[in-house]
Each structure stands twice: as structure tokens, then as C-alpha cells.
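Peer 1: Let me give you the structure first, and then I'll get to my questions.
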């Protein structure tokens with residue numbers, strides 16, 4: 001899974017990149033908030049981000065707010081990094097999903113990234129199911145409402161005022177298909193008619 | 001203040017190669033970070049002092065929890081509280097502590113690099 005790393009500290013960026021690679025994540029690096037925002041506006045932004053609180057340009061909290069205000073990034077999982085314990089509530093209220101104070105343990109970061117990637121995975125599965133359902137619904141033809149039908153010949157009048165055979169109408173407005181046969185009563189009627 | 005490579009190697013799960021890479025990056029980066037702190041202290045811009053001391057502290061804190069990390073934090077707070085009268089003293093202390101840290105890093109690294 002791709003992860004955006006946004007931090008102005010070159011040492012930490014490099015350490016993060018190396019650790020994330022060893023945990024099978026692909027890092028996309030940004031050295032300030034503006035660069036991070038540019039990455040997020042690309043057609044396929046990373047679904048997970050580790051964002052430093054204090055950065056030049058746009059800081060981590062403003063970046064979280066921007067992300068949460070952008071519908072296309074609404075499901076992004078954000079981990080905020082800071083050197084200050086007291087900023088925890090403000091960080092989470094800005095839209096971050098999680099919060100780590102520096103210096104942090106690498107095991108803790110790995111565990112928190114794992115939670116993030118699991119949630120992103122679940123959201124992606126859910127989104128794929130919704131897309132699948134919407135695509136299916138778009139193809140399902142439904143018959144409903146009042147149908148004008150001739151009392152004698154049983155033709156149905158369509159929206160263009162054209163009287164159609166029942167099977168033709170149903171074929172056009174449903175998933176039903178027809179195989180033609182003769183019922184016993186008709187068979188008897190037709191047979192006696194033919195014989196006479 | 002004592003910095004030992006073992007401390008960082010432990011933090012990085014025994015990856016000595018990564019320790020050397022991080023030291024290389026720090027030795028490249030810290031002179032500019034320190035220059036920014038000096039410039040903001042000299043200009044009396046307390047907001048810039050807070051920002052630049054914070055950036056320097058962020059870089060140092062990757063290597064050590066006490067010494068220059070604590071002093072950089074004090075400098076950052078001096079900027080935050082506009083106590084610029086403390087800045088010169090703290091900056092002098094920070095420079096000495098960084099010099100000691102860099103010397104320890106170079107001893108470990110064995111690299112002949114230029115400082116600030």
C-alpha cells in the first residue's frame with residue numbers, strides 16, 4: 001500500500017522511508033505541506049498518510065482540515081506526528097485518525113500503520129461492493145406501476161402510445177426471456193379448429 | 001550529554017547501515033538549520049526563532065533525547081514566549097552541545113566532513 005510521508009525533517013523522512021519499505025509499504029515523500037497537498041491532488045493519491053504537525057507552507061493540522069474538506073480524499077487515513085503531547089485533542093479534531101508523539105517507537109508506528117491499512121482495505125472493499133451494486137442496479141430492468149392493457153387482445157400500450165405484444169413488452173422491460181409453446185387448452189382448441 | 005551510536009542502532013533495530021545513512025543526512029542538514037536559528041535570534045524575530053529552533057530540535061531528536069534536544073526546546077520556548085534575552089545564552093549552549101554531538105558522530109562514522 002502507498003503511504004504519503006510529509007515531514008520537513010530529512011533525517012526522519014529517510015528513516016521512515018527505510019522502515020516503511022521493510023514493512024512492505026511504498027512511500028511517497030513530501031518535505032513540506034504544499035508538496036504534500038500537491039501529491040494529494042494527483043489522480044491517484046496514496047490512501048494512507050503520516051503527516052508532521054509542524055511543517056513550512058501548510059502545517060499538518062491545516063493539511064488534515066483540507067483533506068477532510070475534500071470529498072475525493074474523505075476516506076484517507078491520516079496519522080499525525082508531533083513533538084507535543086498537549087496537541088493530541090486539537091490534532092484529532094482537525095481530522096486526523098491517529099496521533100503519534102515524537103520520538104516514537106518504530107514498533108508502535110508499524111502497529112498504527114497496520115491499523116490504518118486494515119481500515120483503508122475495509123473501506124476499499126466496501127466502496128468496491130457499492131460500485132458493484134450500483135452497476136448491477138443500473139442493468140436491472142424493473143416493471144412497476146399501472147400498465148394499460150387491451151381487454152381483448154391483451155396488447156400493452158407503451159410510453160410512445162404503441163400497442164405491443166405482451167411478450168415483446170416484457171422482453172423490453174424485464175430480464176425475462178420467452179420460449180414459445182402451446183398450452184393444453186389452446187392445443188385442444190387449435191386442434192378442433194384445424195380438424196373442422 | 002552523551003551520544004553513543006549504540007543508542008541509535010538499538011532504536012533502529014540494529015541496522016548500523018541505516019544509522020550511518022541518517023548521520024550523513026544530519027551532517028548535511030544541520031549547518032543550514034543552525035544558521036536559520038542564529039539568523040532568527042540575531043534579527044529578534046521570535047516567531048522565526050520558534051520555527052527554526054523547532055526544525056533543528058526535530059532533526060537532533062532523531063539521535064538524542066537530552067543535551068541539545070532539551071536546549072533546542074528551551075530556545076523554541078524562548079521564541080514562543082518572546083524571551084529573546086535568553087536566546088543568546090541558549091544558542092551558545094546549543095552550539096557547544098551540537099559540536100559535541102557532531103564530534104561523536106564523526107568519530108563513529110570515521111568520515112572527514114565539514115561542519116558549520
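The values are calculated or read from the model by the stated rules, or taken from the named source; none is laboratory data. The structure displayed is predicted, hence computed values, not measured ones. Note that each Cβ is placed from the backbone with ideal geometry, even for glycine, and that neighbours are counted across all protein chains shown.
Peer 1: Taking residue A:85 and the conditions (1) more than 23 Å from residue A:26 (Cα to Cα); (2) within 14 Å of another protein chain (Cβ to nearest Cβ); (3) touching a helix residue (DSSP H, G or I) at 6+ places or on another chain (Cβ under 9 Å); (4) free of Cβ contacts under 8 Å to residues at least 40 places away in the same chain, which numbered condition does it fall short on, given that it satisfies the others?
Peer 2: Unmet condition: (3).
Peer 1: Find all pairs meeting these conditions: Cβ atoms under 6 angstrom apart; at least six residues apart or on different chains; first residue within the stretch B:90-111 and more than 23 Å from residue B:76 (Cβ to Cβ); second residue surrounded by fewer than 18 Cβ atoms within 10 Å (Cβ to Cβ).
Peer 2: Listed by first residue and then by second, the contacts come to B:108/B:5.
Peer 1: Return the residues of the stretch A:134-149 that are under 30 Å from residue A:74 (Cα atoms) and at pLDDT 90 or above; say none if nothing qualifies.
Peer 2: Scanning the stretch A:134-149 gives no hits.
Peer 1: With (1) more than 30 Å from residue A:75 (Cβ to Cβ); (2) at pLDDT 85 or above; (3) surrounded by 10 or more Cβ atoms within 10 Å (Cβ to Cβ) as the list, and residue A:152 as the residue in question, which single condition is left unmet?
Peer 2: (3)
Peer 1: Let me ask another. Go through the stretch B:70-86 residue by residue and tally those that are more than 21 Å from residue A:54 (Cα to Cα) and either surrounded by 16 or more Cβ atoms within 10 Å (Cβ to Cβ) or at pLDDT 90 or above (or both).
Peer 2: The number of residues fulfilling the criteria is 1.
Peer 1: If you don't mind, there's one more thing I want to ask. Against the definition (farther than 19 Å from residue A:45 by Cα, free of Cβ contacts under 8 Å to residues at least 12 places away in the same chain, over 28 Å from the mean Cα position of the chain (by Cα) and part of a helix (DSSP H, G or I)), how does residue A:132 come out, yes or no? Outline the logic, then answer.
Peer 2: Values: farther than 19 Å from residue A:45 by Cα: yes; free of Cβ contacts under 8 Å to residues at least 12 places away in the same chain: yes; over 28 Å from the mean Cα position of the chain (by Cα): no; part of a helix (DSSP H, G or I): yes.
No; evaluated as a whole, the condition is false for this residue.
Peer 1: Another question, if that's okay. Can you name the residue in the stretch B:11-24 that is modelled with pLDDT under 90 and more than 11 Å from chain A (Cβ to nearest Cβ) and is also surrounded by the fewest Cβ atoms within 10 Å (Cβ to Cβ) among such residues?
Peer 2: Of everything passing the filter in the stretch B:11-24, B:14 is surrounded by the fewest Cβ atoms within 10 Å (Cβ to Cβ).
Peer 1: How many residues, within the stretch B:25-69, are touching a residue at least 60 places away in the same chain (Cβ under 8 Å) and buried (at least 16 other Cβ atoms within 10 Å of the Cβ)?
Peer 2: The total comes to 8.
Peer 1: Out of contact with any helix residue (DSSP H, G or I) (no Cβ under 8 Å at 6 or more places or on another chain) and exposed (fewer than 15 other Cβ atoms within 10 Å of the Cβ): which single residue out of A:56, A:71 fits that description? Walk me through how you get there before you give the answer.
Peer 2: Details: A:56 fails: out of contact with any helix residue (DSSP H, G or I) (no Cβ under 8 Å at 6 or more places or on another chain).
None of the other options fit; the residue is A:71.
Peer 1: Working only within the stretch A:1-27, note down all residues that are away from chain B (no Cβ under 11 Å) and surrounded by 20 or more Cβ atoms within 10 Å (Cβ to Cβ).
Peer 2: Correct list: A:3, A:4, A:5, A:6, A:20, A:25.
Peer 1: If residue B:27 satisfies every condition in (1) outside any loop (DSSP other than H, G, I, E, B); (2) modelled with pLDDT under 90; (3) within 11 Å of chain A (Cβ to nearest Cβ) but one, which is the exception?
Peer 2: (2)
Peer 1: Among the residues of the stretch A:105-149, write down those that are within 20 Å of residue A:19 (Cβ to Cβ), touching a helix residue (DSSP H, G or I) at 6+ places or on another chain (Cβ under 9 Å) and surrounded by 11 or more Cβ atoms within 10 Å (Cβ to Cβ).
Peer 2: Within the stretch A:105-149, A:106, A:109, A:110, A:113 meet the criteria.
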